[in-house]
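Only one structure is covered here, and it is reproduced in the block below.
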Amino acid sequence: MAKRTDYISWDEYFMGVALLSGRRSKDPSTQVGACIVNKQNKIVGAGYNGLPIGCSDDDFPWGKQGDFLQTKYPYVCHAELNAILNNIGMDLTGCRIYTALFPCNECAKAIIQSGIKEVVFLSDKYAGNDSFVASKHMFDTAGVSYRKVNTQVKKIELSFDEGDV
Ligand SMILES: O=c1[nH]c(=O)n([C@H]2C[C@H](O)[C@@H](COP(=O)(O)O)O2)cc1CO
Ligand SMILES: [Zn+2]
């Protein structure tokens with residue numbers, strides 16, 4: 001019997017873990033997930049956009065407009081930063097990070113400082129915004145490469161029906 005040929009690639013696997021992590025987000029508008037992988041293709045961190053530990057999802061605002069302090073923006077910890085901070089206690093030097101959205105400039109700084117050397121993203125939909133121009137400028141200068149994820153599949157479905165195992 002020959003081996004299966006329709007298994008998912010490393011890129012699809014790790015971006016899948018990033019996207020699944022994003023499903024934990026309570027943000028009603030944008031759910032972002034991130035997954036950090038070391039040189040041996042082992043997952044060493046994952047995260048999603050959410051409030052800092054101890055700050056209740058129910059007490060803080062989730063809106064986007066109005067008085068800054070009444071929006072989510074000052075409070076939400078981005079997926080990439082959470083993945084870095086949630087790592088399993090590894091030195092992240094030489095790792096790569098899979099993220100649904102291209103990292104903002106604040107996350108870019110954290111990525112560079114942590115030693116991560118490659119960013120793999122799914123969407124770069126805010127490419128023209130200053131924050132992302134700054135991210136790329138810093139990545140280019142600091143020697144962090146970035147690329148869009150390589151995928152052959154459009155969608156991956158998970159079944160929790162025990163009959164499907
Ligand atoms: O790279 C990112 N990582 C990340 O976790 N986020 C989060 C912060 C917010 O919760 C949400 C963006 O909010 P919105 O798209 O609704 O303005 O996504 C946003 C970005 C892009 O800035
Ligand atoms: Zn960010």
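No lab work stands behind these numbers, since they all come straight from the coordinates. Everything numeric in this text was worked out from a predicted model, so none of it was measured. Note: ideal-geometry Cβ built from the backbone for every residue, glycine included; neighbour counts use all protein chains shown.
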| query | Rounded to the nearest 0.05, what FRET efficiency is calculated for Arg4 and Gln113 with R0 set to 41 Å and r the Cβ-Cβ distance? | reply | 0.55
| field | Cleavage-rule hits (GluC sites (Glu not before Pro)) in region 71-165: DSSP loop, at most 12 neighbouring Cβ within 10 angstrom | value | Glu157
| request: Would you calculate the separation in nanometres between label points at Asp161 and Lys125, each defined as 7 Å from the Cα along the Cα-to-beta-carbon direction? | output: 3.1 nm
| request: Taking only Cα atoms and a 10 Å spring cutoff, compute GNM fluctuations for the chain and point out the largest among Lys136, Lys109, Lys125. | output: Lys125
| Ratio of Rg to Rh over region 1-96 (Cα coordinates, Kirkwood Rh, two decimals) | 1.11
| Once the principal axes of the Cα atoms of the chain are found, what is the range along each, listed largest first in whole angstroms? | 63, 43, 33
| query | Under the classification rounded if a/c is under 1.5, otherwise prolate if a/b is larger than b/c and oblate if not, where does region 55-130 fall, given a ≥ b ≥ c as square roots of the Cα gyration tensor eigenvalues? | reply | oblate
| query | Among Leu69, Leu20, which comes first, second and so on when ranked by fewest other beta-carbon atoms within 10 Å? | reply | Leu69, Leu20
| query | Where does each of Thr5, Thr99, Thr93 land when they are ranked from fewest to most other beta-carbon atoms within 10 angstrom? | reply | Thr5, Thr93, Thr99
| said: Students often check this: by mean Cβ neighbours within 10 Å, which of 52-58, 81-87 ranks highest, and how do the rest follow? | reply: 81-87, 52-58
| request: Run through the DSSP bridge list for region 1-120 and note the antiparallel percent, rounded to the nearest 5. | output: 75 percent
| note | Quick note on Val119, Val32, Val153, ordering by fewest other C-beta atoms within 10 Å, gives Val153, Val119, Val32
| query | Roughly what angle does helix 130-142 make with the longest principal axis of the chain, taking Cα atoms, 0 to 90 degrees, to the nearest 10? | reply | 60 degrees
